[in-house]
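Enquirer: Mind looking over this structure? Questions follow.
The numbers here are math on the coordinates, done by the rules we state, and not lab data. Just so it is clear, the model here is predicted, and its values are computed rather than measured. No Cβ is skipped: glycine too gets one built from the backbone with ideal geometry, and neighbour counts run over all protein chains shown.
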Amino acid sequence: MIGKILGNRYEIIEKIGGGGMSIVYKAKCRVLNRYVAIKVLRDELTSDPEFVAKFKQESLSAASLAHPNIVNIYDTGIEEDIYYIVMEFVKGETLKKYIQKKGKLSEQETVKISRQVAEALKHAHTNNIIHRDIKPHNILITEEGIAKVTDFGIARAATSSTINNTSNVIGSVHYFSPEQARGGYVDDKSDIYSLGIVMYEMVTGVVPFDADNHISVAMKQIQEKPIPPSKKFKNLEISKNLEDTIMKCLEKHQSFRFQNVDELIKAFDSMNGFRAVEKNDEELIDSPTIVLPAINAADLSDNNEINIDIIDENSDKAFKSFFGEDSEVENKKIKNNNENNKEDKKEKKKNRNITIAAVLSALVVAVIGGVIGLKAIMYVPEVTVPDLIGKNEEEAQKIIVDLGLTFKVANREFNNEFEEGKIVDQSVEEGSKLKENYPVEVVVSKGEKAITVPNLIGRYAIEAGIILSDAGLNEGKVTESNSDSVPSGQIMDQYPAATTPANEDDRVDYVVSIGPKITYVPMPNLLNLNLEAAKLVIVQNGLAVGEVTEETSEEIEKGLVLRQSVAAGQEVAQGTSIWMTISSGKSVEEPPVEEPGGEEPTTGSYPLTISLPKNKDKVLVVVQKIIDGGREIIYSQEVDTKEQSVIINIEDTGIQKYDIYIDNELIETAEINFE
Ligand code: 3AM
């Protein structure tokens, strides 16, 4: 490839690397005089239509996206079986290599990279494109530290993503979402999960689920709870906030993850604010989840009045969510102290602002004064989360509210196991200890989905799997049957019939046509029969009467069959036309003609190649030699069209003509010179 010029403008300079599907080259665009990266589909894959389709899909979906955090696609092309995509050349390396080099990344760097990937995803999701294969190998880090997402190879327009072929789960198993591993419904939250795995890998240096084979990894994605980074590596420095964000991305249930990338970006932004405070005091890293508003260190140091105003609303909320509504008392106490100390009474809002400022300074002071002091202020009673699965929504809500926690329905979905109104899943596991007011989200069953069997009749068998899985059903028994009217490969019957009500995962049996039934009969002997008798035998055997010609014969009486197109005893498909040669009696004696020079003519051999049609499985090939108004069968055989062509080696003398018939149709008359 090196030195090759593609599309008349891209000169391949060197190989940069290669993935499973393709090889990446550095190239120079001669028109715009700039370096580009060219991704070329591997040679051995260009003959595989499925890979070619994926490759084209990559070019199509990625080309429609333009974003600073997405590797730009400039051009695509096909040349001499070389499929290629021309991309922006990114000076840098993959995030995979970067992590491997550094072991693990700092919290700050993790958030910085993750946020950029999230921005790229936001742009793609807005354009209805789900990446489906987010992994550190597909994230390039430039020398300036900019993250750029590439390889939208298996991305599909989100609008058509409801069709997901279970037999062809695509992606990289260590970064798969549970729904991808199951072959279930994939949406933008699947990318959020994969990004969660990447974030986990950035902070810890390892992926949360690993095993020695892909199936086990996929099973873990579906079943196993990830160990939080701080529990997996005890001395890991990670804020609770970032850890919670990662764990929320890694929720098994789509409803419990961030509902879109925007929510995730907001979580990152709140971390920036968190870090600004954290700069003043490292100890706060160990504190429980507390969402502080986005404030900069600069905001805190400049003018207090203004800063307090900025943080007012959110700080209050954050304060409450952390301390619980009951801790308002604590809040008030501090407030009163402050009020007592100040003589002039300010308006209500201002007081609140001062309260917040006071709490913040109290926190700082407490930390400076020692962790014990901080803990005293922060003490909030904890409650144990009960098992809610299978309980009624109202009952579950009451239990949660009575415990002082917050109840929230994250989603309602069809479920075959639980009746309508029962809890299917809960965001916080039974037995977990939570501070008051902490939200517990649940998924409530909408009962069984009303499914009706879709119509399969008239559809091709290869579509059946997708049609059924779309309807929440499975393929049942597939049988084949002959049909004179339904083309081969089409479905001609199904059970249960279309529109029958069904339950999820029920099986639907169907019958696929294999075309008309071909029956073979042994060819009867026609020789020495008179024409009428021969015709009767032909018809009685389910065959058809073909062309009848005459020829002189020394042995066979005039009017009787002297030759038949298919030799007696040979298997012949019913309906085949049979040609006959009838004797026209003895020829008038002619003096033998002397060969010039008296020499025997030389015999030559010729490989006659006959191409076979593709639209049938088997055909009857007949080759007849044309002899003085008559014909001699030199080949008659049923052949399998998988072979594409048959070669018949003919030995003869002089120049001869041969009629070639395929399924009784004259295809060609070949003239062969054997001299
Ligand atoms: O394995 P390394 O990291 O050396 O960086 C990508 C990786 O190299 C590089 O090709 C290799 C296989 O993915 N690569 C991919 N896209 C690129 C691009 N647009 C790229 N290098 C530069 N520009």
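Enquirer: Rg/Rh for the range 53-149 to two decimals, with Rh computed the Kirkwood way over all alpha-carbon pairs.
Expert: 1.00
Enquirer: Around residue 529, with a cut-off of 13 angstrom between Cβ atoms, what is the net charge of the other residues, counting Lys and Arg +1 and Asp and Glu -1?
Expert: 0
Enquirer: Continuing with this model, one more query. May I have the pair-distance distribution P(r) for the range 388-535, computed from all Cα-Cα distances with 10 Å bins from 0 and rounded to whole percent?
Expert: Bins of 10 Å from zero give 11, 24, 15, 14, 14, 9, 5, 3, 3, 2, 1 percent of pairs.
Enquirer: How many nm separate the modelled label positions at residue 547 and residue 4, each set 7 Å beyond the Cα in the direction of the Cβ?
Expert: 5.1
Enquirer: With the crude spin-label approximation of a point 7 Å out along Cα→Cβ, what separation in nm comes out for residue 450 versus residue 674?
Expert: 7.8
Enquirer: Between residue 539 and residue 527, with labels modelled 7 Å along Cα→Cβ, what's the label distance in nm to one decimal, could you check?
Expert: So the label points at residue 539 and residue 527 sit 2.6 nm apart.
Enquirer: Projected area of the range 532-583, taken from the Cα convex hull and averaged over every viewing direction, in nm²?
Expert: 3.5
Enquirer: Net charge within 10 Å of residue 507 by Cβ-Cβ distance, Lys/Arg positive one each and Asp/Glu negative one each, not counting residue 507 itself?
Expert: -3
Enquirer: Excluding residue 518 itself, calculate the net charge of residues whose Cβ lies under 15 Å from the Cβ of residue 518, where each Lys or Arg counts +1 and each Asp or Glu counts -1.
Expert: -4
Enquirer: Here's a follow-up. With a ≥ b ≥ c taken as the square roots of the eigenvalues of the C-alpha gyration tensor of the range 98-140, please select rounded if a/c is under 1.5 and otherwise prolate if a/b is larger than b/c or oblate if it is not?
Expert: In terms of gyration-tensor shape, oblate.
Enquirer: Can you compute the FRET efficiency between residue 482 and residue 554 using 1/(1 + (r/R0)^6), with r the Cβ-Cβ distance and R0 = 51 Å? Round to the nearest 0.05.
Expert: Rounded to the nearest 0.05, the efficiency is 0.60.
Enquirer: Apply 1/(1 + (r/R0)^6) to the Cβ-Cβ distance of residue 108 and residue 429, taking R0 = 30 Å, and write down the FRET efficiency to the nearest 0.05.
Expert: Computed FRET efficiency for residue 108 and residue 429: 0.50.
Enquirer: Express in nm, to one decimal, how much length is gained between residue 463 and residue 518 on full extension, taking 0.36 nm for each residue of separation and deducting their alpha carbon distance.
Expert: Additional length available on full extension: 17.2 nm.
Enquirer: Between residue 416 and residue 262, what length comes free when the chain is fully extended (0.36 nm per residue of separation minus the Cα-Cα distance, one decimal in nm)?
Expert: 52.2 nm
Enquirer: Based on alpha-carbon positions alone, could you give the equivalent ellipsoid semi-axes of the range 482-537 from the gyration tensor, as √(5λ), descending, whole Å?
Expert: 48, 10, 8
Enquirer: Return the sequence-ordered ³J(HN,Hα) values of the range 571-582 in whole Hz as given by the Karplus equation 6.51 cos²θ - 1.76 cosθ + 1.60 applied to θ = phi - 60°, using x for Gly and Pro.
Expert: Result, ordered by residue: 5, 9, 5, 4, x, 5, 7, 10, 8, 9, 10, 9 Hz.
Enquirer: Ok, one more. Given R₀ = 51 Å, what would the calculated FRET efficiency be for residue 603 paired with residue 127, taking r from the Cβ atoms and rounding to 0.05?
Expert: That pair, residue 603 with residue 127, gives E of 0.10.
Enquirer: Give, in nm to one decimal, the length gained when the segment between residue 223 and residue 100 is fully stretched (0.36 nm per residue of separation minus the Cα-Cα distance).
Expert: Stretched fully, the residue 223-residue 100 segment lengthens by 41.5 nm.
Enquirer: Next question. Can you give the log10 of the normalised intensity I(q)/I(0) at q = 0.11, 0.12, 0.16, 0.18 Å⁻¹, computed with Debye over equal Cα scatterers of the range 458-584?
Expert: -0.57, -0.60, -0.77, -0.88
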